[in-house]
Amino acid sequence: MTSTATWQTLFINVNIATMDDGSNSYGAINNGALAIADGKIAWIGEQSNLPAFDKSAVDVIDGQGKWITPGLIDCHTHIVYGSHRANEFEMRLQGASYEEIANSGGGIVSTVKATRAASAEELYVSAHKRLSALHNEGVTSLEIKSGYGLDLETEIKMLKVAKRLEENTPVTVRKTFLGAHAVPVEYKDNADAYINLVCEQMIPEIAKQNLADAVDVFCEGIGFSIEQTEAVFKAAKQYGLPVKVHAEQLSDLGGSELAAKYSALSSDHVEFLSEQGVKAMSAANMTAVLLPGAFYFLRETKLPPIELLRAHNVPMAIASDANPGSSPINSIQLMLNMACTLFRLTPSEALAGVTCHAAKALGIDGVVGRLEVGLDADIVLWDIEQPAQLCYQFGVNPLAALYKQGKKVK
Ligand code: NIG
Ligand code: FE
């Protein structure tokens, strides 16, 4: 005897990009149906196979041939910060490089000054606007990093703003502690002492207050060395926090390989990643997070090793890297386009980059990122005829409806 299913919402007449395998076919189901019960996906498949269901209880939505995808995931952002860096943008237009500006006291540390001076309320209001811009484009989960405080008090202030954003919006927020983002002015010429502070005081306190889901390091010539990065990874592991790294953005220090030794979730940027680094990431089951916005905005020319990543089956996520210096871009739809135009990803790879692979980069791939029975019903309904349109056009938002854990929020 078969029982009758009880669902709250049922989409019919939809095409579904399940993203269940991250392959080149979007895991597509044509003429599909998808049912939601208790905030989770309860049934998915071809409409012709729909089982019996209790018609009195369910809200049936006729999708009229539109497409459904998982809620989008922006797995690398720095959206909590004070002020802006338009002045540095102008300096770069006059010929100064990102590294020159950083080395002469601008760059990240100038945002640190503004972020320390800002109240939590001011940070919340400006970050809320950025989060809303991403959410309007279909983002239902995102990561927010700290790293513009570089002292315990301000790092905690930033992480608490990220927490408040999660509490007050229908968006899942993963919080990452990025104390090792730059050397603060009070530790100028004494980066090792600052790293000690990060390891011995900041990580223990942030872990104690349960304010971070992961720990990140900017491993770079203008950031931290391999040895300093490793010290932070060790401290994070001691407190049970997973690690990730900003690496191989401007040069190849081997940060991704080091991260692989610590079973990192991801290595991000990776333009200068070597084949050895790719192999290490593959063996450690890491995700490569590609950031086309920073590549574009800094007018980089060295492309990430896409062919090698494909050849070694390293999942590629795509994120906005939204931040005031290298990517003041709060648009996931533009990232989909740039992943294809700048990095030559296929539209299916790009969409996997903001769904299943982004979920893996955040360690939440058992919860969101694919449309599969039992996962959260984070769902976008798009007014498009084929999924490639999400990557092809930019500036007209095709979002028709958005559901977070089964609830319609747009
Ligand atoms: O991901 N690389 C380090 N962090 C940021 C830039 C931060 C900034 O310039 O304010 C990034 O590109
Ligand atoms: Fe970043």
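The values are calculated or read from the model by the stated rules, or taken from the named source; none is laboratory data. Quick caveat, the model's predicted, so the values are computed rather than measured. All Cβ positions, even for glycine, are placed from backbone atoms using ideal geometry, and neighbour counts span all protein chains on display.
For region 196-224, which residues satisfy the criterion of being within 16 Å of ligand 1 (Cβ to nearest atom) and under 19 Å from residue 239 (Cα atoms)? Walk me through how you get there before you give the answer.
Kept after step one, since they are within 16 Å of ligand 1 (Cβ to nearest atom), are these residues of region 196-224: 198, 214-224.
Answer for region 196-224, where residues must be within 16 Å of ligand 1 (Cβ to nearest atom) and under 19 Å from residue 239 (Cα atoms): 198, 214, 215, 216, 217.
A quick yes/no check of all residues on (1) surrounded by fewer than 22 Cβ atoms within 10 Å (Cβ to Cβ); (2) assigned to a helix (DSSP H, G or I):
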residue: 155; (1), (2): no, yes
residue: 164; (1), (2): yes, yes
residue: 177; (1), (2): no, no
residue: 183; (1), (2): no, no
residue: 193; (1), (2): yes, yes
residue: 196; (1), (2): yes, yes
residue: 205; (1), (2): yes, yes
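Going by the conditions given, is residue 278 over 22 Å from residue 127 (Cβ atoms), within 17 Å of the chain's Cα centre (by Cα) and away from ligand 2 (no atom under 16 Å from the Cβ)? Before you say what the answer is, go through the steps one by one.
Working: over 22 Å from residue 127 (Cβ atoms): yes; within 17 Å of the chain's Cα centre (by Cα): no; away from ligand 2 (no atom under 16 Å from the Cβ): yes.
So residue 278 does not fit the description; no.
Just the residues that are surrounded by fewer than 24 Cβ atoms within 10 Å (Cβ to Cβ) and within 13 Å of ligand 2 (Cβ to nearest atom), please, taken from region 309-324.
Of everything in region 309-324, just one residue is surrounded by fewer than 24 Cβ atoms within 10 Å (Cβ to Cβ) and within 13 Å of ligand 2 (Cβ to nearest atom), namely 324.
If the Cβ limit is 6 Å and pairs must be 6+ apart or interchain, which residue in region 84-108 that is over 17 Å from residue 222 (Cα atoms) pairs with which residue that is not aliphatic (A, V, I, L, M)?
Qualifying pairs under 6 Å: 84/324; 85/324; 85/325.
Suppose we keep only residues that are part of a loop (DSSP other than H, G, I, E, B) and in contact with a Pro (Cβ under 7 Å, 6 or more places away or on another chain) within region 339-375. Which one would you say is farthest from residue 391 (Cα to Cα)?
If we filter region 339-375 for residues that are part of a loop (DSSP other than H, G, I, E, B), which is where we start, we get 342-346, 354-355, 362-375.
If we keep only those that are in contact with a Pro (Cβ under 7 Å, 6 or more places away or on another chain) too, we end up with 342-343, 355, 363, 368-371.
Working: 342: 12, 343: 12, 355: 14, 363: 25, 368: 21, 369: 18, 370: 18, 371: 19 Å.
The extreme case among them is 363.
Do we find a residue being modelled with pLDDT of 95 or more and more than 21 Å from residue 366 (Cα to Cα) anywhere in region 38-45?
No, region 38-45 contains no residue that is modelled with pLDDT of 95 or more and more than 21 Å from residue 366 (Cα to Cα).
Could you check region 325-349 and list, in sequence order, the residues that are away from ligand 2 (no atom under 15 Å from the Cβ), in contact (Cβ under 8 Å) with a residue 12 or more places away in the chain and under 21 Å from residue 299 (Cβ atoms)?
Passing the criteria: 331, 334, 336, 337, 338, 339, 340, 342, 343, 344, 345.
Take residue 206 and decide whether it is farther than 19 Å from residue 323 by Cβ, among the β-branched types (Val, Ile, Thr) and in contact (Cβ under 8 Å) with a residue 40 or more places away in the chain. Before you say what the answer is, go through the steps one by one.
Numbers: farther than 19 Å from residue 323 by Cβ: yes; among the β-branched types (Val, Ile, Thr): yes; in contact (Cβ under 8 Å) with a residue 40 or more places away in the chain: yes.
Answer is yes for this residue.
This table checks each residue for (1) of a type in the set (Gly, Ala, Ser); (2) crowded, with 20+ Cβ neighbours inside 10 Å; (3) in contact (Cβ under 8 Å) with a residue 60 or more places away in the chain; (4) closer than 30 Å to residue 121 by Cβ.
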residue: 16; (1), (2), (3), (4): no, yes, yes, no
residue: 30; (1), (2), (3), (4): no, no, no, no
residue: 34; (1), (2), (3), (4): no, yes, yes, no
residue: 42; (1), (2), (3), (4): yes, yes, yes, no
residue: 46; (1), (2), (3), (4): no, no, no, no
residue: 55; (1), (2), (3), (4): no, no, no, no
residue: 72; (1), (2), (3), (4): no, yes, yes, yes
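Is it true that residue 65 is modelled with pLDDT of 95 or more, more than 26 Å from the chain's Cα centre (by Cα) and either more than 16 Å from ligand 1 (Cβ to nearest atom) or not in a helix (DSSP H, G or I) (or both)?
Answer is yes for this residue.
So residue 229 clears everything in (1) over 18 Å from the mean Cα position of the chain (by Cα); (2) hydroxyl-bearing (Ser, Thr, Tyr); (3) surrounded by fewer than 24 Cβ atoms within 10 Å (Cβ to Cβ) except one condition, right? Which one?
That leaves (3) as the condition not met.
Give me the residue from region 76-98 that is more than 30 Å from residue 357 (Cα to Cα) and in a helix (DSSP H, G or I) and, out of that set, nearest to ligand 1 (Cβ to nearest atom).
88
Is it the case that residue 147 is assigned to a loop (DSSP other than H, G, I, E, B), under 30 Å from residue 359 (Cβ atoms), assigned by TED's automatic domain parsing to the domain that holds residue 221 and among the small types (Gly, Ala, Ser)?
yes
Which of the following residues is within 15 Å of ligand 1 (Cβ to nearest atom) and touching a helix residue (DSSP H, G or I) at 6+ places or on another chain (Cβ under 6 Å): 260, 288, 284, 280?
Criteria check complete, one pass: 288.
Of the residues that sit in region 99-143 and are in a loop (DSSP other than H, G, I, E, B) and away from ligand 1 (no atom under 16 Å from the Cβ), which one is surrounded by the fewest Cβ atoms within 10 Å (Cβ to Cβ)?
119
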